[in-house]
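Reading through the C-alpha cells given below for one structure.
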Ligand SMILES: [Zn+2]
C-alpha cells in the first residue's frame, strides 16, 4: 500500500470534510496493477467494494479524535470513495475502549467496512507501557509466559537479529501484545540516508506482517529519537534526525521513545535489584518503560515479575502502544511524559 498517496488522500478528505460536514468524497488512490487490467475493470460493471483498513486510536478524555487519520482505502476502479465513521458507541467523557466502524462506499454503491477501536484515556489514569526492544530472541517465550501469568500485555519493538526467534512474534500478537517495528538489521548504518532507513524499516515490516498478519504504524528508533549516532553519517548536520522524524510521520508512522529506563542496556548482567530499582518509579501517571528482549539479558526476564508486581501494587494498568496518537517523544512536551 502506498502510504504517502493515502496521506494525500486523507488531506483531501479533510478538505472535503470542511466543505461538507457529513459526506466525505475523495478520489481513491490509483489502483494497483497494469493499465490494461484497470481499463478492463472500468468498462465492466463495478461490483467490487473499496479496500478499507482502520487503525486503533487513542485520545484523552474530552479530546477530539482524528478519525480520518486512522483509515486507509483503495478502490479498484479509481472510483471516488465516501468515508463515513460510526463513532456512536464512543463516550469521550469516560475512559475506556470503544468500537469504531468505518464505511467506505464507492460511486457504484459498493460498501466495505473496517472495525477498529478507540481508547479514551483520562490523563490522570495510571498506565504503564512495558516495552521490549531488539527481540524476538530466545528469551521471548519466557517473557510472554510471565506476561500471561500476570495477565498483562506489553509492546515489542522487534528486529531480525535472531532469525530463528522470529516466529515468536506470532504468539506475542496472539496473546494480545503489540508487535511494532524497531529495525531489521539494528545496524546504525540505517541512519546513513533516508533510503537506507526506510529500506530497513520495510524489511522488518515484512517480517512483522509475515508472522502477525498485520503491518504496524508504530516505530522505535534504534537509540531512540534523541540518539547522536546518526551524526557520524551526517557531520555538520545536527538536524538530520529531524528530517528522518518528519519523513516517518509523513508516511503515517509514529515513533515512540521512553520515559522510564530499566537500564538493562548498560550490560548483559545488570543485577536484578538494579533493574527493578531503575524501572520502578511513579513520577507520572503514564509512563513508558524501556527494557530489552535480548538473548544475553537474562536478568531482564528475572526482574520482570517484580517490576509488574510493583506497578500493580501502585494501581497501574498495563497499556499497549497500538495507536499513532500515542506521543512519547524525547525532548518534547506532550500529554505523555518525555
Ligand atoms: Zn535497540
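The values are calculated or read from the model by the stated rules, or taken from the named source; none is laboratory data. Nothing here was measured: the structure is a model prediction, and the numbers come from that model. Heads up, the Cβs are rebuilt from the backbone with ideal geometry, glycines too, and the neighbour counts pull from every protein chain shown.
The table for this structure:
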| item | result |
| --- | --- |
| Hey, residue 21 at pLDDT below 90 and more than 30 Å from residue 218 (Cβ to Cβ) or not | yes |
| Candidate set from region 156-168 (those that are away from the ligand (no atom under 16 Å from the Cβ) and in a helix (DSSP H, G or I)); member that is surrounded by the most Cβ atoms within 10 Å (Cβ to Cβ) | 168 |
| Odd one out for residue 255 among (1) part of a loop (DSSP other than H, G, I, E, B); (2) under 25 Å from residue 275 (Cα atoms); (3) modelled with pLDDT of 95 or more | (1) |
| Hits in region 72-94 (condition: under 20 Å from residue 323 (Cβ atoms) and in contact with a helix residue (DSSP H, G or I) (Cβ under 8 Å, 6 or more places away or on another chain)) | 72, 73, 83, 85, 87 |
| Region 173-206, residues that are away from the ligand (no atom under 16 Å from the Cβ), under 15 Å from the mean Cα position of the chain (by Cα), more than 21 Å from residue 240 (Cα to Cα) and in a helix (DSSP H, G or I) | 173, 205, 206 |
| Flag for residue 71 being within 21 Å of the chain's Cα centre (by Cα) and surrounded by 15 or more Cβ atoms within 10 Å (Cβ to Cβ) | yes |
| Pairs where the first residue, in region 288-299, is more than 27 Å from residue 327 (Cβ to Cβ) and the second is in a strand (DSSP E or B), C-beta under 9 Å, 6+ apart | 297/291 |
| Pair list, Cβ under 9 Å, 6 or more apart: region 219-235 residue closer than 22 Å to residue 291 by Cα and outside the structural domain of residue 205 (by TED's automatic domain parsing), other residue away from the ligand (no atom under 16 Å from the Cβ) and at pLDDT 95 or above | none |
| Filtered residues of region 207-226 (kept if within 15 Å of the ligand (Cβ to nearest atom) and surrounded by 15 or more Cβ atoms within 10 Å (Cβ to Cβ)) | 218, 219, 220, 221, 222, 223, 224, 225 |
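Residue-by-condition table, conditions (1) within 20 Å of residue 309 (Cβ to Cβ); (2) crowded, with 20+ Cβ neighbours inside 10 Å; (3) assigned by TED's automatic domain parsing to the domain that holds residue 221:
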residue	(1), (2), (3)
239	no, no, yes
242	no, no, yes
246	no, no, yes
251	no, no, yes
256	no, yes, yes
260	yes, yes, yes
266	no, no, yes
279	yes, yes, yes
285	yes, no, yes
